[in-house]
Amino acid sequence: MTGSFWDFLLWIFWFYILFACIWIFITIIIDLFRDHTLNGWAKAGWVIFLVIFPFLAALIYLIARGRGMAQRELERRGQAQSETNDYIRSVAGTSSPAGEIESAKKLLDSGAITQAEYDTLKAKALA
């Protein structure tokens, strides 16, 4: 065996650093293209700056635009949550008493519930 345990830990550390850097660069590029306040030239300038001086550009971007980055992410998550809620409401529909009674009648006709259970469901729907 040519390596040692400490060499292994050092390689894991450097792999972690590489992964974190790649993650930060991807996050910055995604934020750049989601930001509607920047024009195309500004976005191109940031991308070129990230390619030429990646660590310096990432540090400057996070300092200069970090707060806006967080706000855009919160807005995006809020919008996604609201779209999810709207979708759930549209799929679930509004349950009216007539719809509940109709569903209970179908269950009664199929033999899934008894007449007493049907009467209970109908009373609940009308209450």
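Values computed for the structure shown
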item	result
Choice from 11, 41, 23 with maximal GNM fluctuation in the chain (Cα, 10 Å cutoff)	11
Residue-averaged [θ]222 nm for the chain, counting only DSSP H segments that reach four residues, each worth -39500 (n - 2.57)	-29500 deg cm²/dmol
Relative contact order computed over region 5-127 (Cα-Cα under 8 Å; 6+ residues apart), in percent	16 percent
Exposure proxy order (Cβ contacts within 10 Å, fewest to most) of 119, 109	109, 119
Candidate aspartates and glutamates for bridging to residue 105, where Cα separation is under 14 Å - those fewer than 8 sequence places away on the same chain excluded	117, 119
Ranked list, fewest to most other Cβ atoms within 10 Å of each Cβ, for 114, 27, 37	37, 114, 27
Rule-of-thumb Rg ratio for region 5-93 [Cα; 2.2 N^0.38 Å; N residues]	1.50
GNM top mover of 15, 49, 33 - the chain, alpha-carbon springs below 10 Å	15
Net dipole in debye of the chain [+1 Lys, Arg Cβ; -1 Asp, Glu Cβ; about Cα centre; nearest 20]	360 debye
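Read-outs: derived from the displayed coordinates by stated rules, not from any lab. Keep in mind that this is a model prediction, so the values were computed, not measured. Positions of Cβ are generated from backbone atoms using ideal geometry, with glycine treated the same way; all protein chains shown enter the neighbour counts.
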